[in-house]
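The values are calculated or read from the model by the stated rules, or taken from the named source; none is laboratory data. Just so we're clear, the structure is a prediction, and the values are computed from it rather than from any experiment. Using ideal geometry, Cβ is built from the backbone for each residue, glycine included, and neighbour counts are taken over all protein chains shown. Heavy atoms of the whole protein, side chains included, go into the accessibility calculation; ligands, DNA and RNA do not. Shrake-Rupley method; radii C 1.70, N 1.55, O 1.52, S 1.80 Å.
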Amino acid sequence: MIEFQNVSVSFRQKRTTLTAVDDVSFSIGKGEIFGIVGSSGAGKSTLLRTINLLQGVTGGRVLVDGKDVTKYRGKTLRGHRRNIGMIFQHFNLADNLTARQNIAFVLRSAGVGREEADAKVREYLSLVGIPEKADVYPSKLSGGQKQRVAIARALAGGAKILLCDEPTSALDAETTLSILKLISTLSKQLGITVVIITHELNVIKSICSRCAVMDGGKLVELDGVYSLFTQPKDGFTKQLIGHTRTHDLPQEILDNTYGPVVKLTFLGPDANTPVISEASSRFGVQINILTGRIEYIENKPLGILYVNPIGEEYVVRQTLDYLKNVVREVEVLEDGAGI
């Protein structure tokens with residue numbers, strides 16, 4: 001559906017050239033919800049905008065449905081852009097137009113007749129769940145409602161690709177989940193391909209099937225979301241993922257903890273295995289659970305648990321050896337440092 005072939009984007013500055021995207025190649029399948037993550041300045045927004053040619057390339061090709069869109073100009077380019085919707089962090093709605101008028105304005109500007117445009121507005125406001133807000137101005141809408149209007153506006157013209165530029169950064173956690181669920185539902189219902197760029201890894205975990213990681217304009221890792229979060233390969237990716245696995249233990253707990261603090265990471269079916277009770281009964285060791293959680297990525301469990309085994313030194317050592325054999329990752333934090 002979408003393919004980047006050795007894409008580079010450079011900008012001339014006073015005495016230097018800034019390379020925002022550096023020789024990036026990968027593809028996105030039809031109907032896929034695909035994520036691109038990276039820190040600020042990684043080049044992810046620049047790369048996203050090459051899909052609809054809001055940003056031209058200085059090297060390589062961008063293919064959509066097998067056609068090199070970087071060569072599009074004039075009428076062909078306008079037709080290409082009508083097949084691509086885009087939503088933004090701050091919604092980009094016209095404040096002096098109602099929800100209905102914001103959507104209709106884009107449709108009429110594209111040459112859609114009034115009757116057809118009115119029908120499309122009603123249809124897509126219903127699809128995004130706010131038909132009753134048709135005549136409400138943006139100032140009277142919540143952040144989530146504004147983003148729903150923006151999504152309706154992006155898709156009402158029949159777009160088959162939805163580009164999302166930090167679509168939930170301005171929303172609270174609960175609203176973020178509802179918007180992500182809506183995007184996922186619309187992708188399946190309408191058969192659209194979704195590309196999301198974000199610095200929020202929880203967004204990627206919630207909705208995407210695959211993800212590209214960018215750093216300094218380069219593609220440093222590309223994988224399925226579960227593999228990316230459980231077995232990252234690149235150092236930069238490991239650093240990003242590490243932030244989502246952090247559990248802050250109060251210093252008071254660490255000060256009163258005798259013996260090692262151990263971090264256990266469970267993957268897949270291992271997350272539901274009762275290894276703690278098994279280790280305790282097998283070795284007669286007391287195992288205090290300090291903190292932990294199990295989350296599901298692509299419907300597969302990832303569990304992280306911090307424990308404190310207490311007992312004779314040789315018994316604790318036997319317990320740790322056992323855990324290292326049955327748990328995917330075991331990290332011993334002798335003094336609690338690094339948590």
(request) Specify which of the listed residues (I304, I310, I297) is more than 36 Å from the chain's Cα centre (by Cα) and touching a residue at least 12 places away in the same chain (Cβ under 8 Å). (result) I310
(message) Just checking: which of the strands (runs of 3 or more DSSP E) contained wholly in region 131-236 hold 2 or more residues that are open to solvent by 20 Å² or more (accessible area, probe 1.4 Å) and either at pLDDT 95 or above or over 27 Å from H80 (Cβ atoms) (or both)?
(response) 210-215, 218-224
(message) Just to check your reading of the model, which residue among Q55, Q89 is at pLDDT 95 or above, open to solvent by 40 Å² or more (accessible area, probe 1.4 Å) and assigned by TED's automatic domain parsing to the domain that holds I28?
(response) Q55
(request) Would you be able to say whether some residue in region 19-41 is over 20 Å from D234 (Cβ atoms) and either in contact with a Phe, Trp or Tyr (Cβ under 9 Å, 6 or more places away or on another chain) or not assigned by TED's automatic domain parsing to the domain that holds D223 (or both)? (result) no
(request) Quick one: count up the residues across region 8-30 that are open to solvent by less than 10 Å² (accessible area, probe 1.4 Å) and touching a helix residue (DSSP H, G or I) at 6+ places or on another chain (Cβ under 7 Å). (result) 3
(request) Please list, ordered by first then second residue, the pairs with beta carbon atoms under 9 Å, 6 or more apart or interchain, first in region 215-243 and in contact (Cβ under 8 Å) with a residue 40 or more places away in the chain and closer than 18 Å to G303 by Cβ, second small (G, A, S) and open to solvent by 40 Å² or more (accessible area, probe 1.4 Å). (result) V225/S209
(request) Give the residue that is modelled with the lowest pLDDT, with candidates limited to residues of region 31-45 that are crowded, with 22+ Cβ neighbours inside 10 Å and not aliphatic (A, V, I, L, M). (result) G38
